[in-house]
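Peer 1: This is the structure I have questions about; it appears just below.
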Amino acid sequence: MSNHKFYVYIVRTRMEALYTGVAIDPKKRVEEHNSGTRGAKCLQGQRPVSLVWVTPGPMTRSDALKVEKKIKKLSREQKLELVNHKPKHAGANEVRTLEQEDRRRDLERSR
């Protein structure tokens with residue numbers, strides 16, 4: 001079983017709040033958030049949520065948690081820039097750098 005199976009995702013609530021999380025299957029996780037059965041408690045009363053951003057590829061759980069932590073430290077404006085693919089701040093560059101490092105490691109391992 002591969003360790004590289006986690007994604008970082010951002011959902012938007014009906015109240016326009018942004019929530020960042022880590023999941024193996026982001027689409028399934030959004031369904032869980034919306035069903036209320038296994039969703040984050042902070043999203044109760046803010047459903048439905050819609051998936052607005054996902055990392056381009058899977059990564060280790062450790063790397064996904066690092067990316068999630070960096071995103072959670074961003075301002076709302078910076079998160080919106082990331083969601084809209086127009087990052088103008090260092091935080092988004094750091095997120096992309098972590099993703100690039102993960103892909104580089106995958107390539108090196110496959111050689």
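Peer 1: How would Arg29, Arg14 line up from fewest to most surrounding beta-carbon atoms within 10 angstrom?
Peer 2: Ordered from fewest to most neighbouring Cβ atoms within 10 Å, Arg29, Arg14 come out as Arg14, Arg29.
Peer 1: Considering amide H positions built from the backbone, and no H for Pro or chain starts, which residues 5 or more places from Trp53, or on another chain, come under 5 Å of its amide H?
Peer 2: Here Ile10 satisfy the definition.
Peer 1: A follow-up question, please. Work out from phi, with θ = phi - 60° and the Karplus expression 6.51 cos²θ - 1.76 cosθ + 1.60, the ³J(HN,Hα) of each residue of region 5-19, listed in order in whole Hz, and give x for Gly and Pro.
Peer 2: Ordered by residue, 3J(HN,Hα) equals 9, 9, 10, 9, 9, 10, 10, 10, 8, 5, 8, 6, 6, 10, 10 Hz.
Peer 1: Return Asp63, Asp25 ranked ascending by Cβ neighbour count within 10 Å, so the fewest neighbours appear first.
Peer 2: With the sparsest Cβ surroundings first, the list reads Asp25, Asp63.
Peer 1: Tell me, in nm to one decimal, what length is gained between Glu16 and Arg61 on full extension, where the rule is 0.36 nm per residue of separation less the Cα-Cα distance?
Peer 2: 13.5 nm
We did not get these values from a lab; they are worked out from the coordinates using the rules stated. Here the structure is a predicted model, which means the values were calculated and not measured. Here the Cβ is made from the backbone with ideal geometry for all residues, glycine too, and neighbour counts use every protein chain on show.
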